[in-house]
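Heads up, the thing below is written out as structure tokens.
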Amino acid sequence: MAIYYIIENMGNEAFSNEFIADLIRKVVTAMKREFQIDWTNPHRADVLAKVSNAVKMVLIREKIKGEQLRFLTNAIIDQAKEKYRDWPIEA
């Protein structure tokens, strides 16, 4: 849900609620495909990179570019680190 508020509060009214909800579903699905145990630990940087790339690919497919792409990717990964830190134990 925090991801929704990040996107909604970007000040870009071009994103409808339906678009944001669909985008979040796609992003979360893509991230969960890449998650592995201890994915946020420093020794698992390869997994974190795969998760980040999965998020970027979804955003790019949805025509999000430039500064929005960088901002959303970083914000989504930061939120995922908090919410899915102990994946799959707390999935």
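Filter the range 46-69 down to the residues that are open to solvent by 90 Å² or more (accessible area, probe 1.4 Å), under 19 Å from residue 19 (Cβ atoms) and in a helix (DSSP H, G or I) and list them by number.
Listed by number, the residues that qualify are 57, 61, 67.
Got a number for residues in the range 1-44 being at pLDDT 70 or above and either among the charged types (D, E, K, R) or closer than 16 Å to residue 56 by Cα (or both)?
Looking only at that region, the number is 18.
Every residue in the range 70-91 that is outside any helix (DSSP H, G or I) and of a type in the set (D, E, K, R), please.
85, 86, 90 - these are the residues of the range 70-91 that are outside any helix (DSSP H, G or I) and of a type in the set (D, E, K, R).
The values are calculated or read from the model by the stated rules, or taken from the named source; none is laboratory data. From a predicted model like this one, the values you see are computed outputs, not experimental measurements. Backbone-built Cβ (ideal geometry, glycine too); neighbour counts: all protein chains shown. Calculation scope for accessible area: heavy atoms of the full protein, side chains included, ligands and nucleic acids excluded. Shrake-Rupley method; radii C 1.70, N 1.55, O 1.52, S 1.80 Å.
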